[in-house]
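K.L.:
Supplied in structure tokens, the structure appears directly below.
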Amino acid sequence: MRDLRVWITAAVLLFSPLPALASVQNASENEYVPGEAVVVVEAGTSGEGLTAMEFGNMLSSSAERIASAAGGNTAGITAAIASVTGKNIILVKSSEKTTEELLAELRKNSAVLSASPNYKIRLSRTPNDPYYTSGQQWGMTAVRAPAAWDRSVGSTSVYAVVIDSGIRYDHPDLTANMGTDLEGNYGYDFHNGDTNPMDDNGHGTHVAGIIGAKGNNGIGVAGVNWNVKLLAVKVLGSNGSGDIYNLVSGLEYVTDQKRRGLNIRVANMSLGVWLNSSIANDAAAINAMNTACEAVSSRGVMLTVASGNEYQDISNPGGLFSNPDDLLADYRGKLPYPASFRHANMISVTAINSSYRRPDFANYSSRYVHLAAPGVGIWSTYHNGGYTEMNGTSMATPYVAGAAALLSAMFPSETAGQIRSRILGNVTRTSNLSGLVSTGGYLNIQGAVTNETPSDGGGGGGCSAAGGVTPAVALLLLPLGLLMRRKK
């Protein structure tokens with residue numbers, strides 16, 4: 001395992017008093033970890049006939065040769081991703097060469113498919129829980145969760161992964177629904193490189209509560225699932241930041257746990273980064289992230305991703321002054337990732353407010369964004385052991401992740417693709433979202449639970465292919481961040 005000192009910046013824009021949905025911060029979009037490179041190479045074999053140790057040793061030896069030839073050392077490989085995609089994503093470090101010098105040497109090697117800087121990324125039955133009974137959890141009613149709860153409140157056999165800033169796993173409203181991985185841990189901390197994914201930011205705990213805060217226990221809030229197994233994959237630090245290889249490592253972890261038998265059905269990523277696929281470094285970063293997402297999707301895990309909070313039409317992003325929160329940000333020629341990937345088992349989510357309209361900060365696109373979910377004034381669990389209200393696409397996205405977990409509990413034999421079709425084919429359509437998301441509507445869990453799986457692929461429109469760019473370019477990283485913003 002690599003020396004995980006890297007950081008990923010949560011796309012969470014923390015504005016005023018309330019912690020909010022994470023959104024990419026563009027001022028640092030070109031920042032990267034000095035002396036590090038994220039490299040994609042052909043694995044050479046799927047590992048068929050080899051033990052896991054033999055396969056890992058083979059990948060490590062090959063990676064070390066590539067790193068050494070460039071004047072660096074290998075700090076990480078991705079054996080699980082390589083077994084699925086045939087591509088090994090490695091982290092190369094050098095204490096003597098600059099990032100630019102390291103990349104120049106790596107790109108001379110014909111075995112290297114792509115090499116990029118290690119970009120930083122930044123910060124989505126009626127219960128007796130008081131925040132629900134007081135009407136403060138308006139989002140649950142909006143997505144018709146109460147009607148779905150009459151059929152199911154989830155299952156402890158279903159795992160939902162939160163790829164974020166960690167989870168306050170001893171929170172009184174979460175502890176009963178925390179799961180453990182195959183090693184007996186609550187997940188993994190790729191920010192600090194240990195097995196203690198405790199949340200020190202708050203964003204991940206808020207996301208986790210929307211997916212699976214214990215319902216009907218007389219305290220706090222109710223999640224979409226009253227019963228579920230939450231797994232924490234910490235890729236962001238206390239300031240909501242991290243880097244691309246942290247995210248790749250988190251996706252490697254999910255792929256490996258799933259491959260080894262853990263019943264992971266959905267992974268939530270309320271984070272993102274804007275990149276330009278016509279720039280070599282960005283395109284290489286996109287390729288690495290895309291490969292990692294492809295591996296998870298191919299393993300039958302649903303990926304729910306926040307669209308971001310930059311006030312942009314992703315299909316035609318604006319230039320200077322188009323984001324009132326960051327007037328100097330220029331999005332022209334760029335896309336937000338991973339929200340713009342279009343893997344078979346991926347859903348991209350924007351936000352609606354209590355008037356069922358898209359708030360102005362929430363990114364949208366009928367080409368890249370599938371549906372909306374509640375993302376303004378959302379109450380959930382927080383890392384101080386209490387509760388808080390947040391806004392943003394970071395809060396909207398776990399509603400969809402929660403729906404995927406609930407449906408997986410009800411229909412355990414259905415594939416991730418079928419669950420995706422249930423979600424996208426049964427939205428509540430509204431003129432407020434016409435032309436803004438591919439389905440023209442927002443999440444309707446009751447419809448997804450009670451109706452048959454649609455035969456048309458779920459109404460995903462133009463969002464069903466592979467990312468709007470070629471697979472080799474499809475992994476452009478934004479300064480990955482929590483998609484949360486504070487309420488003004």
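The values are calculated or read from the model by the stated rules, or taken from the named source; none is laboratory data. Since this is a predicted model, take the numbers as computed values, not measurements. Every residue, glycine as well, gets a Cβ built from its backbone with ideal geometry; the counts of neighbours run over all protein chains shown.
K.L.:
Give the residue that is nearest to residue 395 (Cα to Cα), with candidates limited to residues of the range 330-341 that are hydroxyl-bearing (Ser, Thr, Tyr) and in contact with a Ser or Thr (Cβ under 9 Å, 6 or more places away or on another chain).
P.N.:
340
K.L.:
Still on this structure, I have one more. Could you please find all residues in the range 361-375 being among the aromatic types (Phe, Trp, Tyr) and assigned to a loop (DSSP other than H, G, I, E, B)?
P.N.:
361, 368
Yes or no, residue by residue, for (1) β-branched (Val, Ile, Thr); (2) touching a His at 6+ places or on another chain (Cβ under 7 Å); (3) buried (at least 24 other Cβ atoms within 10 Å of the Cβ):
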residue	(1), (2), (3)
344	no, no, no
356	no, no, no
380	no, yes, yes
385	no, yes, no
403	no, no, yes
407	no, no, yes
427	yes, no, yes
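K.L.:
Mind checking which residues of the range 144-162 are more than 9 Å from residue 406 (Cβ to Cβ) and among the hydroxyl-bearing types (Ser, Thr, Tyr)?
P.N.:
Once the filter is applied, which keeps residues that are more than 9 Å from residue 406 (Cβ to Cβ) and among the hydroxyl-bearing types (Ser, Thr, Tyr), the range 144-162 yields 156, 157, 159.
K.L.:
Considering only residues of the range 200-239 that are over 15 Å from the mean Cα position of the chain (by Cα) and basic (Lys, Arg), which is surrounded by the fewest Cβ atoms within 10 Å (Cβ to Cβ)?
P.N.:
Taking the candidates together, the pick is 229.
K.L.:
While we're here: Can you confirm whether the range 393-401 contains a residue that is at pLDDT 95 or above and in contact with a Cys (Cβ under 7 Å, 6 or more places away or on another chain)?
P.N.:
No, the range 393-401 contains no residue that is at pLDDT 95 or above and in contact with a Cys (Cβ under 7 Å, 6 or more places away or on another chain).
K.L.:
Moving on. Can you list the helices (runs of 4 or more DSSP H) found entirely within the range 57-176 that contain at least 2 residues being over 20 Å from residue 36 (Cβ atoms)?
P.N.:
On the way: elements: 79-85, 99-106, 130-133, 138-142, 145-149.
Of the helices (runs of 4 or more DSSP H) lying wholly inside the range 57-176, those with at least 2 residues that are over 20 Å from residue 36 (Cβ atoms) span 79-85, 130-133, 138-142, 145-149.
K.L.:
Still on this model: Inspect all residues belonging to the range 121-144 and state whether any of them is closer than 16 Å to residue 199 by Cβ, basic (Lys, Arg) and touching a helix residue (DSSP H, G or I) at 6+ places or on another chain (Cβ under 6 Å).
P.N.:
no
K.L.:
While we're here: Would you mention how many residues in the range 384-421 are charged (D, E, K, R) and closer than 19 Å to residue 299 by Cα?
P.N.:
So the answer is 2.
K.L.:
Something else now. For residue 152, indicate whether it is in contact with a Leu (Cβ under 7 Å, 6 or more places away or on another chain) and surrounded by fewer than 24 Cβ atoms within 10 Å (Cβ to Cβ). Quick ask: steps written out before the conclusion?
P.N.:
On the way: in contact with a Leu (Cβ under 7 Å, 6 or more places away or on another chain): yes; surrounded by fewer than 24 Cβ atoms within 10 Å (Cβ to Cβ): yes.
Here the answer is yes, as residue 152 does meet what is asked.
K.L.:
Within the range 89-99, restricting attention to residues that are of a type outside the set (Ser, Thr, Tyr) and modelled with pLDDT under 95, which residue is farthest from residue 293 (Cα to Cα)? Break it down stepwise before answering.
P.N.:
The initial filter retains those residues of the range 89-99 that are of a type outside the set (Ser, Thr, Tyr), namely 89-93, 96-97.
Applying the additional criterion that residues be modelled with pLDDT under 95 yields 96-97.
On the way: 96: 32, 97: 30 Å.
If we take residues in the range 89-99 being of a type outside the set (Ser, Thr, Tyr) and modelled with pLDDT under 95, then 96 is farthest from residue 293 (Cα to Cα).
K.L.:
Can you find a residue in the range 229-242 that is within 30 Å of residue 446 (Cα to Cα), at pLDDT below 95 and part of a strand (DSSP E or B)?
P.N.:
As a first pass, look at the range 229-242 and keep what is within 30 Å of residue 446 (Cα to Cα): 229-233.
Checking which are at pLDDT below 95 leaves us with none.
No.
K.L.:
Looking at the range 351-362, I want the residues that are over 20 Å from residue 325 (Cα atoms) and have a partner that is in a loop (DSSP other than H, G, I, E, B) with Cβ atoms under 7 Å, at least 6 apart or on another chain. Which pairs are those?
P.N.:
Final answer for the pair search is 354/376; 354/377; 356/430.
K.L.:
Of the residues in the range 342-359, how many are closer than 24 Å to residue 135 by Cα, of a type in the set (S, T, N, Q) and touching a Ser or Thr at 6+ places or on another chain (Cβ under 6 Å)?
P.N.:
The total comes to 1.
K.L.:
May I pose another question? If only one of 112, 84 is touching a helix residue (DSSP H, G or I) at 6+ places or on another chain (Cβ under 7 Å) and at pLDDT 95 or above, which one is it?
P.N.:
When all the criteria are applied, what remains is 112.
K.L.:
Has the range 80-90 got at least one residue that is on the phi > 0 side of the Ramachandran plot and surrounded by 16 or more Cβ atoms within 10 Å (Cβ to Cβ)?
P.N.:
No - not one qualifying residue is present in the range 80-90.
K.L.:
Criterion first (of a type in the set (Ser, Thr, Tyr), buried (at least 24 other Cβ atoms within 10 Å of the Cβ) and at negative phi) does residue 175 satisfy it? Can you show your working first?
P.N.:
Values: of a type in the set (Ser, Thr, Tyr): yes; buried (at least 24 other Cβ atoms within 10 Å of the Cβ): no; at negative phi: yes.
For residue 175, the condition - of a type in the set (Ser, Thr, Tyr), buried (at least 24 other Cβ atoms within 10 Å of the Cβ) and at negative phi - is not met.
K.L.:
Starting from the range 48-63, keep only residues that are assigned by TED's automatic domain parsing to the domain that holds residue 91, then list their pairs with residues that are β-branched (Val, Ile, Thr) and in a loop (DSSP other than H, G, I, E, B) whose Cβ atoms are within a distance under 8 Å, requiring at least 6 positions of separation or different chains.
P.N.:
Close Cβ pairs (under 8 Å, with a partner that is β-branched (Val, Ile, Thr) and in a loop (DSSP other than H, G, I, E, B)) amount to 55/45; 56/77; 58/45; 59/77; 60/77; 63/77.
K.L.:
Looking at (1) assigned to a loop (DSSP other than H, G, I, E, B); (2) on the phi > 0 side of the Ramachandran plot; (3) surrounded by 14 or more Cβ atoms within 10 Å (Cβ to Cβ), can you tell me which one residue 49 breaks?
P.N.:
For residue 49, the exception is condition (3).
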